[in-house]
Structure formats: C-alpha cells, structure tokens
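Here the structure is laid out as structure tokens; the discussion comes afterwards.
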Amino acid sequence: MAVTIVLELVLGLFASIIVMWFSRRREFVADKGAVYLCSKEKMVSALQRLQSSQQPSHLPDQVAAFGIRPSEGACF
C-alpha cells in the first residue's frame, strides 16, 4: 500500500514535468509563428507592453485605509 502511494506521487511528478515541458514547447512554437506572421518589431513591442502592464501601480492614499496598499518591500 505504501509503495503504491509513493509510486503514484513519483510518477505523478514525472507526468507533471512532461506536461509542463510540452506546454512550454508549444508556447515557443506559437511565439515563433507569431513572429513569422507579423514581424520581429511588432513582437518586441507586444512583449514590452506586457512587461509594462506588470509594473506595480501606485494606489492613491485613500485606498490605504482599506489595507490593500502593498508594503514598500513587496515585489509585485
């Protein structure tokens, strides 16, 4: 019984790694296809827009009263 549980955990981990590998590979193929269909400059521009949308936004001081203002050392 214990051996079965351990094998399920180990094989489940390996299966997850394989699925993540295929997923990552499909992402790269999709990006390569996007560059082929559009252009390298447009792809770079899109990635820069995505990066800028991930920058932390500065919330007004009034929102701090609700306790949703990130701390100064937080990485968001």
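A short reminder: the numbers here are calculations on the coordinates, not readings from a lab. This structure is a prediction, so every number in the text was calculated from the model and none was measured. Here Cβ is always computed from backbone atoms with ideal geometry, including for glycine, and neighbour counts include all displayed protein chains.
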Using alpha-carbon coordinates alone, the radius of gyration and Dmax of the stretch 1-43 in Å work out to 17.9, 57
The simple spin-label model distance between residue 53 and residue 21, using points 7 Å out along Cα→Cβ, in nm, is 3.1 nm
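Which length gain, in nm to one decimal place, applies between residue 32 and residue 5 when the Cα-Cα distance is subtracted from 0.36 nm times their residue separation? Could the numbers behind the result be given before it?
Numbers: separation 27, 0.36 × 27 = 9.72 nm, distance 4.07 nm.
Taking 0.36 nm per residue and subtracting the Cα distance, the gain is 5.7 nm.
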